[in-house]
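Some notes on the structure that comes next.
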2 protein chains.
Amino acid sequence: MMPTVKDVAKRANVSTATVSRIINGQNNVGPEMRQRVLEAIEALGYRPSRVARHLRTKGTSVIGLIISDIQNFFYTSLTRGVEDIASRNGYSLILCNTDEDPKRERVYLEVMHEENVAGIILASATEREHDAKLMDGRIPIVALDRLIRDVQLDAVLVDNIGGAKTAVAHLLSLGHHRIGTIIGQGNITSSIERQGGYEQALTEAGYTVDPALIRRADLRRVEDSRRATLELLALPDRPTALFTGNALITMGALSAVHEVSLRMPDDIALVSFDDVPGGDLLAPAPTVIRQPTYMLGKTAVELLLARIADPKRSPVEIRMEAELIIRDSCGAKASRKQ
Amino acid sequence: MMPTVKDVAKRANVSTATVSRIINGQNNVGPEMRQRVLEAIEALGYRPSRVARHLRTKGTSVIGLIISDIQNFFYTSLTRGVEDIASRNGYSLILCNTDEDPKRERVYLEVMHEENVAGIILASATEREHDAKLMDGRIPIVALDRLIRDVQLDAVLVDNIGGAKTAVAHLLSLGHHRIGTIIGQGNITSSIERQGGYEQALTEAGYTVDPALIRRADLRRVEDSRRATLELLALPDRPTALFTGNALITMGALSAVHEVSLRMPDDIALVSFDDVPGGDLLAPAPTVIRQPTYMLGKTAVELLLARIADPKRSPVEIRMEAELIIRDSCGAKASRKQ
DNA sequence: ATGAAAGCGCTAACAC
DNA sequence: GTGTTAGCGCTTTCAT
């Protein structure tokens, strides 16, 4: 079986306390003893049990990341950012996919509590109706990408309204004003905000918002957004441009445009909120509002670590800017940007 | 603080043993006591500490997944497969990105041991030279995508040789025989096997293998494969077709072809080992050998769970078939497949 | 500088 | 069917 502190202590002829001190890098140990213990550790191939340590110290070196789906490009890169910074700080990452199902989210939150993780980064499927027991502040939580209204938390998100306005403004500047949009479910703050930005941009430019041009699609299902796009394209007075609410929706929209053999940007233009992988190799390459996904993840962990260090710091909300990447799908004359 | 079994026991006027029995779903408890305990649990919002449980039972409900990079499309979907099946069986997933760095891999393996995870799924950066201490069978390990030679493990991989042969044979059947390849590092079995399949296909068709047409690229760096492709395309006697060794390499190759304004499939054909996201929307859409990524992950966990259940079962190696998806990049007349 | 001993929260003999 | 108790491997007073 695995050797324990006891085994090491016995072999080195010291007490377990001394072994523990050395493991934890305390300096109040004599050099010759330290030497003996180090040798014993080496000889036995001893590794301290984090499980036991965690039970004793009541703190773990694990953080939980709860997202809807790692296969969503947005979360893939973000997750990498989280894991990088976490591991650099000695934390392991537990990954949880909820598929936007509040029940699954709840179960994961419960498990995270049972595992007594040091902190949780949560892209919640719902704005409200969280179990207060799971949000009592005992375990620090950082809200990611979506706000949570029940309780005040640290949060890191993208400027959804600003990004959406930029996207739509870009289309307006190209002469489009009949702009359809396919956007995610209404129980997610980011979807709401993006729709808000879309409407603001139109209104501020003096156009009225046509509800017929706004379609909801399941954020996770490419098929769903494909269908929604087909509906928009089949409208008697077809929109001349599309604003798509996330990367998966964009894929569905591109697929739909492809299917009905419309040409981009001649027949229809498009701006996507969020970049897609290989975006500049697609035909046509979509103009996008690119979110700083990796940075979002990185920032979320940093916020979490800061709160672990100082639990009573007052919560902050960090908004990050998204960047307009102009490509062919709008027919802009602007140069293709790297 | 969090309530413990003791608190529950006191409130329900029973012993901690009884509480424990109920938590663990044992039936040897009287109905009225059970009722009282359940109420106490509810009232206190009690959740058992897995940390304490794990220390006591010497088994955790966590498994570790060690891969090179979650951002590599191949691993993204695979990871989802792993997490789905793991969580369905009550396990949490710790995600580790090594970037193909053996040192980081080693550190992660050490951490997994310290956390005493129930099992590890490992896509190793190296074929050999693993620390025997970390591979002593105390924690079950399933080799994923790449073989490990030091020790006999359960393994789940793709038929790389067969897939590569299929790819190259397809190109040969279209009349290509000057086929360049960009393939991953030579210390990874899957790269070696794919190169082997490439060479076999050529040899069996009566062609000789031209070393000048074989390029190595860093599996993780799109930039690297882009450069390698540019080199191939700059050759005096340029290949008429390319066989790319993984999804990221394919992106690099497509980017290179794009850059030098070669037209596909007219100027150059391509078959990729592994599909890319939105593959059918790319211009041109690449013909690919599609790996059953999700199934690979699912199967790996199943193998792991089976071994956790029966540690002395003799190791098995599962090879899964990859599937040829014909798209435009070869100029095949075959219909575009969904 | 070092050791003895208590105890983190839980489960599993073992007694009754 | 239920309670008592020991102890998983570690850290941490408290003595010395």
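Could you list all residues from the stretch A:24-52 that are free of Cβ contacts under 8 Å to residues at least 24 places away in the same chain and within 19 Å of B:Leu134 (Cβ to Cβ)? Working first, answer last.
Within the stretch A:24-52, the subset free of Cβ contacts under 8 Å to residues at least 24 places away in the same chain is A:24-35, A:38, A:42, A:50-52.
Selection gives A:Glu42, A:Arg50, A:Val51.
Could you please let me know if B:Val37 is in contact with a strand residue (DSSP E or B) (Cβ under 7 Å, 6 or more places away or on another chain) and either more than 21 Å from B:Leu296 (Cβ to Cβ) or surrounded by fewer than 18 Cβ atoms within 10 Å (Cβ to Cβ) (or both)? Outline the logic, then answer.
On the way: in contact with a strand residue (DSSP E or B) (Cβ under 7 Å, 6 or more places away or on another chain): no; either more than 21 Å from B:Leu296 (Cβ to Cβ) or surrounded by fewer than 18 Cβ atoms within 10 Å (Cβ to Cβ) (or both): yes.
No.
Every residue in the stretch B:1-36 that is within 12 Å of DNA strand D (Cβ to nearest atom), over 44 Å from the mean Cα position of the chain (by Cα) and either basic (Lys, Arg) or part of a helix (DSSP H, G or I) (or both), please.
B:Ala9, B:Lys10, B:Ala12, B:Pro31, B:Glu32, B:Met33, B:Arg34, B:Gln35, B:Arg36
Here's a check for you: in the stretch B:244-285, which residue that is at the interface with another protein chain (Cβ under 10 Å from one of its Cβ atoms), free of Cβ contacts under 8 Å to residues at least 60 places away in the same chain and assigned to a loop (DSSP other than H, G, I, E, B) is nearest to A:Ser329 (Cα to Cα)?
B:Ala283
Which one of B:Ile22, B:Ile70, B:Ile41 is away from DNA strand C (no atom under 11 Å from the Cβ) and under 22 Å from A:Tyr108 (Cα atoms)? Quick ask: steps written out before the conclusion?
On the way: B:Ile22 fails: away from DNA strand C (no atom under 11 Å from the Cβ); B:Ile41 fails: away from DNA strand C (no atom under 11 Å from the Cβ).
One residue alone meets the criteria, B:Ile70.
Looking at the stretch B:101-129, which of its residues are within 14 Å of chain A (Cβ to nearest Cβ) and not hydrophobic (A, V, I, L, M, F, W, C)? Quick ask: steps written out before the conclusion?
Of all residues in the stretch B:101-129, those within 14 Å of chain A (Cβ to nearest Cβ) come to B:101, B:103-118, B:120-121.
Correct list: B:Asp101, B:Lys103, B:Arg104, B:Glu105, B:Arg106, B:Tyr108, B:Glu110, B:His113, B:Glu114, B:Glu115, B:Asn116.
Applying the selection to the stretch B:110-167, what residues are out of contact with any strand residue (DSSP E or B) (no Cβ under 8 Å at 6 or more places or on another chain) and on the phi > 0 side of the Ramachandran plot?
B:Asn116, B:Glu129, B:Gly137
Can you name the residue in the stretch A:65-89 that is under 16 Å from B:Val62 (Cβ atoms) and surrounded by fewer than 24 Cβ atoms within 10 Å (Cβ to Cβ) and, of all such residues, is nearest to DNA strand D (Cβ to nearest atom)? First the steps, then the outcome.
Residues of the stretch A:65-89 that are under 16 Å from B:Val62 (Cβ atoms), as a first pass: A:65-66, A:83, A:86-87.
With surrounded by fewer than 24 Cβ atoms within 10 Å (Cβ to Cβ) added as a condition, the list becomes A:66, A:87.
Numbers: A:Ile66: 28, A:Ser87: 19 Å.
Across the stretch A:65-89, the extreme among qualifying residues is A:Ser87.
Residues of the stretch A:286-296 being away from chain B (no Cβ under 11 Å) and either in contact with a helix residue (DSSP H, G or I) (Cβ under 6 Å, 6 or more places away or on another chain) or not in a helix (DSSP H, G or I) (or both), which ones?
Passing the criteria: A:Thr287, A:Val288, A:Ile289, A:Arg290, A:Gln291, A:Pro292, A:Leu296.
Test of understanding: among A:Arg11, A:Arg56, which residue is under 30 Å from B:Gly137 (Cβ atoms), facing chain B (nearest Cβ under 10 Å) and either in contact with a Phe, Trp or Tyr (Cβ under 6 Å, 6 or more places away or on another chain) or surrounded by fewer than 20 Cβ atoms within 10 Å (Cβ to Cβ) (or both)?
Values: A:Arg11 fails: facing chain B (nearest Cβ under 10 Å).
Step by step, each of A:Arg11, A:Arg56 is checked, and only A:Arg56 is under 30 Å from B:Gly137 (Cβ atoms), facing chain B (nearest Cβ under 10 Å) and either in contact with a Phe, Trp or Tyr (Cβ under 6 Å, 6 or more places away or on another chain) or surrounded by fewer than 20 Cβ atoms within 10 Å (Cβ to Cβ) (or both).
Regarding B:Asn97, is this residue touching a Ser or Thr at 6+ places or on another chain (Cβ under 6 Å) and at the interface with chain A (Cβ under 9 Å from one of its Cβ atoms)? It would help to see each step written out before you state the result.
Numbers: touching a Ser or Thr at 6+ places or on another chain (Cβ under 6 Å): no; at the interface with chain A (Cβ under 9 Å from one of its Cβ atoms): yes.
Against the criterion (touching a Ser or Thr at 6+ places or on another chain (Cβ under 6 Å) and at the interface with chain A (Cβ under 9 Å from one of its Cβ atoms)), B:Asn97 does not qualify.
Any read-out appearing in this document is the output of simple, stated calculations on the displayed coordinates, not a laboratory observation. These numbers were taken from a predicted model, which means no experiment stands behind them. Ideal geometry is used to build each Cβ from the backbone, glycine not excepted, and the neighbour counts take in all protein chains shown.
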